[in-house]
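> Mind having a look at this structure? Questions to follow.
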Amino acid sequence: MRIVRRTLLRSTAALAAAAVVPRLARAKTYPTHPVRLIVGYPPGGQIDIVARITAQWLGEQLGQAVVVENKPGVGGSLGAQAVVQAPPDGYTLFFATSANAVNPSLFVHLPYDFVRGTAAVAPVNRIPLVIEANPAFADKTVADLIADAKAKSGPISIGSPSAGTPPYLAVELVKMRAGINFVHVPYFGENQMVTDLLGGQLMVALGGISSVIGHIKAGKLRALAVTTPTRLPQLPDVAAVAETLPGFDASGWSGIVAPQKTPLEIIDKLAAAVHAAQADPKFKERLNSVGVTELTMSPDDFAAFIAAETAKWAKVVKFAGLKAQ
């Protein structure tokens, strides 16, 4: 009996080892050709800028090119759908954002479940948001903006980059918390919104700091407030909205996810590559130069974070009375 049992145990162990060897070999050789990183927004905006910085460093870590592919539409949902439907082989990744945690509560007919349909790899950065204005706009602070909105007979127009994004919801949060109204003008992409701000077709907007910090420092745009709980090192003289509306916080984030069922060995290799890039002082400096800071978590922690963000934004959407599309 002992001989039979010992033989059975040896056979089971051999089968388990045989199953592990191909997985380890696959992780060791991955990637053998370029990797696609899908971005759910047009070129030139804040998310696209950070994605391209990340792709460069990630490619250096992996030893293969990481090619950014823009697939804009429906607040980043078209890009997310593309990765959910992609083969789970590690060669199609998605640059996820906090908008993807918002979309399930805004767009009730999404043909996928983002939390269940993706495998979290690693967050890359936090995305501070800023209320920015054309220099010709009279208001200098968010307190001025709120007082102006309350005093005017007609509401002020304020832009944001696409429905469902954190800036879009942040506009609604300002309206809700301050008890005021704006004519909300969501754009298809952030690049066009900034162009209109610079040209004076739009006087005030709320968007990511990455695409406007250079214009702010050059005096071409004026920052009225940041949406982080406290002031930012990049704009130390700009007040936080929370200084006027206590407790206000509407930061965004970005990170990399893969299709669900991507092998864990590949997920771990990708996560290690992201973490190695984040440890590079030059990568941190590059992120800081466009107004964002790195955000580091394990794949499991990032998965839990995405699920928590999805639940949080669902409450905000409901509380703000936003209608699902």
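The values are calculated or read from the model by the stated rules, or taken from the named source; none is laboratory data. The structure displayed is predicted, hence computed values, not measured ones. Cβ: placed from backbone, ideal geometry, glycine included. Neighbour counts: every protein chain shown.
> Please give the number of the condition Lys261 fails out of (1) in a helix (DSSP H, G or I); (2) of a type in the set (D, E, K, R); (3) loosely packed, with under 14 Cβ neighbours inside 10 Å.
Here Lys261 clears every test but (1).
> Further, regarding this structure: Looking at (1) closer than 21 Å to Leu173 by Cα; (2) surrounded by 14 or more Cβ atoms within 10 Å (Cβ to Cβ); (3) touching a residue at least 60 places away in the same chain (Cβ under 8 Å), which one does Pro229 not meet, given that it meets all the others?
That leaves (3) as the condition not met.
> Sort out which residues of segment 233-258 are assigned to a strand (DSSP E or B), among the small types (Gly, Ala, Ser) and closer than 20 Å to Tyr168 by Cβ, and write them in order of number.
Matches in segment 233-258: Ala240, Gly252, Ser254, Gly255.
> Under the condition of being of a type outside the set (Gly, Ala, Ser) and not in a helix (DSSP H, G or I), which residue from segment 282-319 is surrounded by the fewest Cβ atoms within 10 Å (Cβ to Cβ)? Walk me through it before giving the result.
Kept after step one, since they are of a type outside the set (Gly, Ala, Ser), are these residues of segment 282-319: 282-288, 290, 292-297, 299-302, 305-306, 309-310, 312-313, 315-319.
So of that shortlist, the ones also not in a helix (DSSP H, G or I) come out as 290, 292-297.
Values: Val290: 19, Val292: 28, Thr293: 14, Glu294: 19, Leu295: 19, Thr296: 16, Met297: 18.
Top of the filtered list is Thr293.
> Among residues belonging to segment 193-217 that are closer than 22 Å to Thr293 by Cβ and assigned to a loop (DSSP other than H, G, I, E, B), point out the one that is modelled with the highest pLDDT.
Looking at the filtered set, the residue picked out is Val212.
> Any residue at all in segment 100-120 that is more than 24 Å from Val290 (Cα to Cα), hydroxyl-bearing (Ser, Thr, Tyr), within 24 Å of the chain's Cα centre (by Cα) and outside any strand (DSSP E or B)?
Checked against the condition, which is being more than 24 Å from Val290 (Cα to Cα), hydroxyl-bearing (Ser, Thr, Tyr), within 24 Å of the chain's Cα centre (by Cα) and outside any strand (DSSP E or B), segment 100-120 yields at least one hit.
> Would it be correct to say that Thr230 is part of a helix (DSSP H, G or I), within 28 Å of Ser211 (Cβ to Cβ) and of a type in the set (Ser, Thr, Tyr)?
Numbers: part of a helix (DSSP H, G or I): no; within 28 Å of Ser211 (Cβ to Cβ): yes; of a type in the set (Ser, Thr, Tyr): yes.
Spelling it out, it is not the case that Thr230 is part of a helix (DSSP H, G or I), within 28 Å of Ser211 (Cβ to Cβ) and of a type in the set (Ser, Thr, Tyr).
> Go through segment 129-175 residue by residue and tally those that are assigned to a helix (DSSP H, G or I) and over 28 Å from Thr293 (Cα atoms). Break it down into steps so the answer makes sense when it comes.
Taking segment 129-175 first, the residues assigned to a helix (DSSP H, G or I) are 142-151, 166-175.
Next cut, over 28 Å from Thr293 (Cα atoms) only: 144, 146-151.
Residues meeting the conditions: 7.
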